[in-house]
Amino acid sequence: MNYKIIVASLLMFSFSNLAAVASCPEGNPQSTDYIRRKPPNRCEGLIENLSGNTLNLISIATRNLSSFGETLTLQIPQINGGKNPQVIVKSLDDSYHYQLDDLLLSKNGSRFSFSWDTYVLRQAKIPANKLRAVASYNLGSQPVYVPVILGQSSGKYEFAFYSDSRVKFNSFKILSTSQETIYETKQPNPKKGETTFTWDGTWDGRNAPAGRYQLRYVAFIERRNENSDRIQKSIVFEHNPNWLK
């Protein structure tokens, strides 16, 4: 079968694209609309569902949430040279698209943090186990991702993708700085919606050392009456075993 090769950057939301797509007006804070809210300053609410044949990275995180209290805190580890991380929190389903972004972060030691009222999450009845988050630092031509800690760490990383189309992953690999494959899996059965992979931060039964790792994957988006679109993508992310404690 001949597969069309689609440039991954056209299919993956970048942070700048998200900012351009979702305008953030003033509005009624008692609504669940996506509006400017404060305190603390942020954009939050329900926006139009994702559409089109795209594959979006929506989470690199570690989380242990079973329910929402009155407030929720996320943390973003700081890395060498990293300033002002870009963060997006999402929850996606066929019936809703929750988004939180443009956050006013606080610096707390070796981490940035943000705490906010969960009013919108509770009013919109967003399941706590469906909350996703992704963060990155701009350190050059390619962003460096770091795991977002949502609530408490679960002891593993969660890599989540979302598509309105049926997608299968022929390959999902994590590579060390020396390009050794330290984790490998796949999702060969096409599915619509969210696809999640997890990694417990180990390598040959031991904690993988702190450093910069690479995620590589090959995925295929099914098209009706057409050949599938092939996506091959590499993502750089930082790992530290202390973040999983």
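Using only Cα atoms, figure out Rg for the chain and give it as a multiple of 2.2 N^0.38 Å.
Numbers: Rg = 17.8 Å, N = 245, 2.2 N^0.38 = 17.8 Å.
Cα-based Rg divided by the globular estimate yields 1.00.
What Kirkwood radius, in Å to one decimal, follows from the Cα pairs of region 123-245?
Working: mean 1/r = 0.0629 Å⁻¹.
With all distinct Cα pairs of region 123-245 included, I get 15.9 Å.
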(message) Among 197, 207, 150, whose Cα projects farthest towards the positive end of the dipole of the chain, with charges put on the beta-carbon of Lys, Arg (+1) and Asp, Glu (-1)?
(response) 207
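For region 164-222, what D do you get in µm² per second when you plug the Kirkwood radius from alpha-carbon pairs into Stokes-Einstein at 37 °C and 0.692 mPa s? Intermediate values should be presented prior to the final figure.
Values: Rh = 12.6 Å.
Once the numbers are plugged in, D ends up at 262 µm²/s.
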(message) For region 135-245, what does the relative contact order come out to in percent, with C-alpha contacts under 8 Å and a separation of six or more?
(response) 31 percent
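Any idea what the relative contact order of the chain is, in percent, if you count C-alpha pairs under 8 Å spaced at least 6 apart? Mind dumping the intermediate values first?
Details: 564 pairs, mean separation 53.5, N = 245.
Computed over the chain, the figure is 22 percent.
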(request) Order the peptides 55-62, 95-102, 208-215 from the highest to the lowest mean number of other Cβ atoms within 10 Å of their residues. (result) 55-62, 95-102, 208-215
(message) Projecting each Cα onto the charge dipole of region 105-187 (Lys/Arg +1, Asp/Glu -1 at the beta carbon, about the Cα centre), which of 119, 172, 162 comes out farthest on the positive side?
(response) 119
(request) Mind checking the full-extension length gain between residue 212 and residue 198? Use 0.36 nm per residue of separation minus the Cα-Cα distance, one decimal, nm. (result) 3.3 nm
(request) Stick to the Cα atoms of region 37-92, pair each with every other, and give me the Kirkwood hydrodynamic radius in Å at one decimal. (result) 14.6 Å
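All of the numbers you see were taken from the coordinates with simple rules; none came from a lab. As the structure is a computational prediction, the values presented were derived from the model and not from experiment. Virtual Cβ from ideal backbone geometry, glycine too; neighbours counted across all protein chains shown.
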